[in-house]
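Participant: What follows is a single structure, and I will ask about it in a moment.
The values are calculated or read from the model by the stated rules, or taken from the named source; none is laboratory data. Since this is a predicted model, take the numbers as computed values, not measurements. Virtual Cβ from ideal backbone geometry, glycine too; neighbours counted across all protein chains shown. Protein only, heavy atoms only, side chains kept; ligands, DNA and RNA dropped before computing areas. Shrake-Rupley method; radii C 1.70, N 1.55, O 1.52, S 1.80 Å.
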Amino acid sequence: MKDKIEKPEPHILVIFGASGDLAKRKLIPALYNLALQNLLPDEFAVIGVGRTDLSDDEFQEKMHNAINNFGKREKHEEKINSFVNKLFYVSLDTSNASEYKKLAERLRTLDEQLQTRSNVIFYLSTPPMLYTVIPKYLSGHGLNKSSNGSRRLIIEKPFGYGLQSARELNRDLLQYFDEHQIYRIDHYLGKETVQNVLVTRFSNGIFEPLWNSKYVNRVEVTSAESIGVEDRGGYFDTSGTLRDMIQNHLMQMVGLVAMEPPSSFDSNSVRNETLKVFQSLRPFELMDIPKNVIRGQYVESQIRGEKVNSYRHEKGVAENSRTETFVAIKFFIDNWRWGGVPFYIRSGKRLPTRVTEIVIHFKKTPHWLFGHYQSEGEACNQLVLRIQPDEGILLKFAMKVPGQGFNVQNVNMNFHYADLQNAYVPEAYERLLLDCMLGDSTLYTRGDAVEKLWEFIAPIQKAWDDDPLIPLYGYPAGTWGPESADDLIEGMNMTWRYPCKNLADDGQYCEL
Ligand code: BG6
């Protein structure tokens, strides 16, 4: 990983599924943001590939609108025009091998015209069933290798639906591309605040000495969304929160929180360390699942006076669906650093607010001197790493209430990214696309890590599939999920943190 930002080599980025949602909402606006910062190579082009018949001009116009509609940075007409001039389009049926000739031809002429030195990235923003088809046909036309340039492949999750299909996918991809050419996106790793977990831990002398089982009582990771499944019911109903959020985003954050310091900050060293965390996850026995993994599904309720549908009434969702929209898990990492420290993670849709955060709960002092404290939880210092929104860091510690006696109260010390002057926080896709052009895969997930995580998740999937008696709890939309998720956390009055949108507003009921 390079600490200085540099401009990548000349490149052509081929986006399969270019007329889809991801391209217009995320990828094209992210590339435009890179252009604004002068971080795209001077010799650069995008080839959008899709089934829809579009001319270059039509594609450019669509992407122009996409930047206007979804871009979050300043929109200069002139700059947008000069950026979209670098966009081209090839219409082809990706499931038909012979049609790739058109792409090969377009790549050859653009490469010659623009002098992009044969560096090509193929971005598969397509349904997962094409993840093995496209690489195979690219390889059939010799596009997966180049004697003078680099060839890379970016794929989006899901990387399989379970352990076996993940292994098959890796095996298939490796027939056509080498592991070092494959960039698996987990967009959480592209988030500035997720990367800051590493900086908080490894560039401060004060946290890391305490970052272990001697001083940490438990670790909590929450990723809550207030929205439901919106128009993605069809996809979500075949996925569920375990596959959609836990196996990837939440566990990747656990990897960064729990890893050992890498020997250096390069992609192999960093990813070797997160892999070791995943290798140390204590495997679940089937009989442990009901006690340690809670699943829920939202049911109809009223949020701020408005009726909200149950999950089963969302578009594209089966009427009798048993797909989970909430998961909470308690697990252990059996290694020297974390032996005996419980990790609690949860994620869900239609929760009270949109928030992602990591909370380190430190152990209480060995001996309490100052009268009574309200709960065991109160006596623990907490360090909250807020991923989104109101990005920042919060440390909760005890102080003397001014006045007579020695009454103790918890107070907040907080830092908000928003307070930084001129701090531009890039979008996740910006960072990830730039890193791929620079050939830096540190923030991409490696095949072995993906498989390890599926291994951890597999017994949960099996238990749910095999045992219909494992409850799927209903929770009213707009609440923090099933009550039984609270029972996962042991200890006198210990609970999850119930965060609000604003980092430091806590201990109140927010946005219910
Ligand atoms: C995606 C999931 O990977 O992440 C979605 O498929 C989810 O279901 C999204 O809404 C959350 O991402 P973010 O960046 O909004 O927290």
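Participant: Could you identify the single residue in 159, 207, 177, 202 that is away from the ligand (no atom under 15 Å from the Cβ) and within 18 Å of residue 274 (Cα to Cα)?
Facilitator: Step by step, each of 159, 207, 177, 202 is checked, and only 202 is away from the ligand (no atom under 15 Å from the Cβ) and within 18 Å of residue 274 (Cα to Cα).
Participant: Yes or no: residue 73 charged (D, E, K, R) and in contact with an Asp or Glu (Cβ under 7 Å, 6 or more places away or on another chain)?
Facilitator: In short, no.
Participant: Considering only residues that are small (Gly, Ala, Ser) and under 23 Å from residue 329 (Cβ atoms), look in region 241-279 and name the one that is nearest to the ligand (Cβ to nearest atom).
Facilitator: 255
Participant: Given the conditions (1) within 16 Å of the ligand (Cβ to nearest atom); (2) part of a helix (DSSP H, G or I); (3) open to solvent by 10 Å² or more (accessible area, probe 1.4 Å), report the number of the one that residue 226 does not fulfil.
Facilitator: Every condition holds for residue 226 apart from (2).
Participant: Inside region 172-183, can you point out the residues that are open to solvent by 70 Å² or more (accessible area, probe 1.4 Å) and either farther than 18 Å from residue 140 by Cβ or at pLDDT below 95 (or both)?
Facilitator: Passing the criteria: only 180.
Participant: So, in region 406-436, how many residues would count as being more than 16 Å from the ligand (Cβ to nearest atom) and among the β-branched types (Val, Ile, Thr)?
Facilitator: Of the residues in that region, 2 qualify.
Let's see how each residue does on (1) over 20 Å from the mean Cα position of the chain (by Cα); (2) not in a loop (DSSP other than H, G, I, E, B):
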position: 335; (1), (2): yes, no
position: 339; (1), (2): yes, no
position: 344; (1), (2): no, yes
position: 361; (1), (2): yes, yes
position: 369; (1), (2): yes, no
position: 385; (1), (2): no, yes
position: 397; (1), (2): yes, yes
position: 412; (1), (2): yes, yes
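Participant: Hey, could you check region 403-460 for residues that are touching a residue at least 40 places away in the same chain (Cβ under 8 Å) and polar (S, T, N, Q) and say which is nearest to residue 346 (Cα to Cα)?
Facilitator: Ranking the candidates gives 445 first.
Participant: Suppose we filter region 444-477 for residues that are out of contact with any helix residue (DSSP H, G or I) (no Cβ under 7 Å at 6 or more places or on another chain) and among the charged types (D, E, K, R); how many remain?
Facilitator: Number of matching residues: 3.
Participant: When you look at residue 298, is it within 16 Å of the ligand (Cβ to nearest atom), at negative phi and in a strand (DSSP E or B), yes or no?
Facilitator: Yes.
Participant: List every residue pair whose Cβ atoms lie under 8 Å apart, where the two residues are 6 or more positions apart in sequence or sit on different chains, the first residue falls within region 155-167 and is farther than 10 Å from residue 457 by Cβ, and the second residue, located anywhere, is more than 14 Å from the ligand (Cβ to nearest atom) and among the basic types (Lys, Arg).
Facilitator: As it stands, the answer is 160/167, since those pairs meet every condition given.
Participant: Of the residues that sit in region 102-153 and are touching a Lys or Arg at 6+ places or on another chain (Cβ under 8 Å) and aliphatic (A, V, I, L, M), which one is farthest from residue 21 (Cα to Cα)?
Facilitator: Here the residue is 143.
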